[in-house]
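What follows is a set of notes on a single structure, which appears directly below.
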Amino acid sequence: MAHGDDGKDGYFPESIAADYDRSAARMFTPEALDPTLDLLAELAGKGPALEFGIGTGRVALPLRARGVDVHGIDLSRAMVARLRAKPGGEQVPVEIGDFATTRVDGGDGAGGFTLAYLVFNTIGNLLTQDAQVDCFRNAAAHLAPGGTFVVELEVPALRLLPYGQEAVPFQVSDTRWAFDRYDVATQAMSSNYFTVDPGTGQGSCWTIPFRYAWPSELDLMARIAGLRLRERWDGWTREPFTSDSRQHVSVWEKAG
Ligand SMILES: C[S@@+](CC[C@H](N)C(=O)[O-])C[C@H]1O[C@@H](n2cnc3c(N)ncnc32)[C@H](O)[C@@H]1O
């Protein structure tokens, strides 16, 4: 189970949840979200869908607005409280728990979902290989035959690291500096943010740990769980996945 600074809400306590939608605003734009919704709605078909790490409902709420019966699992009560406060948020069935192990009922038992999905690099919040394998097993256990599990994840940026260097900066502005830090021996990494409030000049830090994994390792986890790769794209707009891809959207299928 993932644990964070307050031990209750994982890595997304109230201090992070309160600012989540604003700090991730780019991910809420139609350009970012519409292709995600198009693919997930297509894969869900008529069946219920399950979002692992549903958060404040960035994906779940607009997907429900498209007619998909989305359920969710999340560790953070603070994030789910934000979801609940939005129009339609009270109606979303959400279980508080670890998505590597928590089972929910999709109306036809736990195995009745046509789609399970885990976006925005969140599978990396499981910090061991065992926990990531459990997550694939848990997704498979929720799926009906022919159902799919979709993961959106960055490709580890190790090609940016010369020997001896462990940090990769990814955001530099007047008020925010952010970098990823890699330990290639253990596949541990962390994303680190230092932000200054321009009004008060006060600084704040946030570090969130991940375990990075290559697409091929995920494919093996999927096979262990009884799933087979159906598609892998560079992103939600379904461009081909290539050796230069920085991220992937992968779709594994449960045998029919
Ligand atoms: C980056 S946010 C993404 C939220 C939402 N899926 C989105 O795309 O905006 C990650 C979410 O996953 C949740 N989370 C992380 N690890 C988890 C775990 N092991 N079990 C359940 N929820 C987890 C966090 O509490 C947080 O709400």
Inset, instruction - Could you pull out every one of the lysines with an alpha carbon less than 23 Å from that of residue 254, ignoring same-chain neighbours closer than 8 positions? - result: 46
Inset, instruction - Calculate the spin-label point distance for residue 103 paired with residue 177, positioning each point 7 Å from the Cα along the beta-carbon direction, and give it in nanometres. - result: 4.9
Inset, instruction - Calculate, for residue 157 and residue 29, the FRET efficiency according to 1/(1 + (r/R0)^6) with r their C-beta to C-beta distance and R0 25 Å; round to the nearest 0.05. - result: 0.60
Legend entry - Anisotropy class of the chain from Cα gyration tensor, a/c 1.5 cut: oblate
Inset, instruction - Springs between alpha-carbon atoms under 10 Å, Gaussian network over the chain: tell me which of 200, 102, 114 tops the mean-square fluctuations. - result: 200
Legend entry - Nearest-20 debye value, the chain charge dipole, Cβ charges on Lys, Arg, Asp, Glu: 320
Inset, instruction - For the stretch 201-256 and the stretch 66-100, write down the distance between their C-alpha centroids in whole Å. - result: 22
Legend entry - Computed magnitude of the charge dipole of the stretch 1-150 (debye, nearest 20; Cβ of K, R +1, Cβ of D, E -1): 240
Inset, instruction - Sort the stretch 116-235 into rounded, prolate or oblate with this rule: let a ≥ b ≥ c be the square roots of the eigenvalues of the Cα gyration tensor; rounded if a/c is under 1.5, and if a/c is not under 1.5, prolate when a/b is larger than b/c, oblate otherwise. - result: prolate
Inset, instruction - Positive end of the charge dipole of the stretch 82-160 (Lys, Arg +1 and Asp, Glu -1 on Cβ, about the Cα centre): tell me which of 85, 147, 116 has its Cα farthest that way. - result: 85
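Just so you know, all these numbers are worked out from the coordinates, no wet-lab data involved. Here the structure is a predicted model, which is why all the values come from computation and not from measurement. Positions of Cβ are backbone-derived with ideal geometry, glycine not excepted, and every protein chain shown enters the neighbour counts.
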